[in-house]
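Student: Input: one structure, supplied below.
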Amino acid sequence: MPSERIYLRMQCNQACTYCTDHWSSDNPVHVGPKAIASRVTEAVSRDVDEVILTGGEPTLLPGLEGVVSFLRDNGTKRIVLETNATLLNSERVQTLHEAGLTLARVNLSGWGDRLDAITGDPGGFQKTLQGLEALLEAGISVQLACVVSRSTVD
């Protein structure tokens, strides 16, 4: 299945101990509206079956639903969102579902307080669980990404 990975944000609301894709600020040349539109249009023109929307944290992007809609309306069969799910609630997930999101790949590299320590986000574990629940309730397929590294192995 031809696939394309598109970085929508480099910023993240977490600071995972193992992450190499987290910047303290976004570079507009790389993730500004024109740059994103260009990469999304390129993906559609290459007729890929799957587009993976990733980052940093892609749910920080205002208008994410519009990107998903554009991909769906232009024939992308599978639209994947790689996320920590902490910024997802039922309303946002429903709009993403209606826009055409087919799968959410959610970072869950620890459980409970351990995840909060890994992500540097106190309370993030509970927010991730709420986001997962919203995704499942909306009927969006979910995969869990469980990074195993020196900093997460415990």
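Student: Return the residues of the stretch 95-120 that are at pLDDT below 95, open to solvent by less than 30 Å² (accessible area, probe 1.4 Å) and assigned to a loop (DSSP other than H, G, I, E, B); say none if nothing qualifies.
Tutor: Of everything in the stretch 95-120, those that are at pLDDT below 95, open to solvent by less than 30 Å² (accessible area, probe 1.4 Å) and assigned to a loop (DSSP other than H, G, I, E, B) turn out to be L108, S109, G110, G112.
Student: Still on this model: Can you find even one residue in the stretch 96-114 that is over 19 Å from R9 (Cα atoms), touching a residue at least 40 places away in the same chain (Cβ under 8 Å) and of a type in the set (S, T, Y)?
Tutor: Yes: one or more hits.
Student: Taking V31, is it in contact with a strand residue (DSSP E or B) (Cβ under 7 Å, 6 or more places away or on another chain), more than 18 Å from S141 (Cα to Cα) and either at pLDDT 90 or above or buried (at least 18 other Cβ atoms within 10 Å of the Cβ) (or both)?
Tutor: Yes: the conditions hold for V31.
Student: All but one of (1) in contact with a Gly (Cβ under 7 Å, 6 or more places away or on another chain); (2) open to solvent by 20 Å² or more (accessible area, probe 1.4 Å); (3) part of a strand (DSSP E or B) hold for E82, so report the exception by its number.
Tutor: Every condition holds for E82 apart from (1).
Student: Next up: Scan the stretch 137-146 and give yes if some residue there is open to solvent by 50 Å² or more (accessible area, probe 1.4 Å), within 17 Å of L60 (Cβ to Cβ) and either of a type in the set (A, V, I, L, M) or modelled with pLDDT under 95 (or both), otherwise no.
Tutor: No - not one qualifying residue is present in the stretch 137-146.
Student: For residues that are buried (at least 19 other Cβ atoms within 10 Å of the Cβ), in a helix (DSSP H, G or I) and either touching a helix residue (DSSP H, G or I) at 6+ places or on another chain (Cβ under 6 Å) or hydrophobic (A, V, I, L, M, F, W, C) (or both), tally how many sit in the stretch 46-69.
Tutor: Qualifying residue count for the region: 3.
Student: Let me ask something else about it. Out of (1) over 28 Å from D49 (Cα atoms); (2) of a type outside the set (S, T, Y); (3) in a helix (DSSP H, G or I); (4) open to solvent by less than 40 Å² (accessible area, probe 1.4 Å), what's the single condition that is false for G131?
Tutor: That leaves (1) as the condition not met.
Student: Looking at L87, is it in a loop (DSSP other than H, G, I, E, B), under 24 Å from F125 (Cβ atoms) and open to solvent by 50 Å² or more (accessible area, probe 1.4 Å)?
Tutor: Details: in a loop (DSSP other than H, G, I, E, B): yes; under 24 Å from F125 (Cβ atoms): yes; open to solvent by 50 Å² or more (accessible area, probe 1.4 Å): yes.
Taking the combined requirement at face value, the residue satisfies it.
The values are calculated or read from the model by the stated rules, or taken from the named source; none is laboratory data. If you're wondering where the values come from, they're calculated on a predicted model, not measured in any experiment. As a convention, Cβ positions derive from the backbone with ideal geometry for all residues, glycine included, and neighbour counts pool all protein chains shown. For the accessible areas, the whole protein counts, side chains as well, though only heavy atoms, and no ligand, DNA or RNA atoms are used. Shrake-Rupley method; radii C 1.70, N 1.55, O 1.52, S 1.80 Å.
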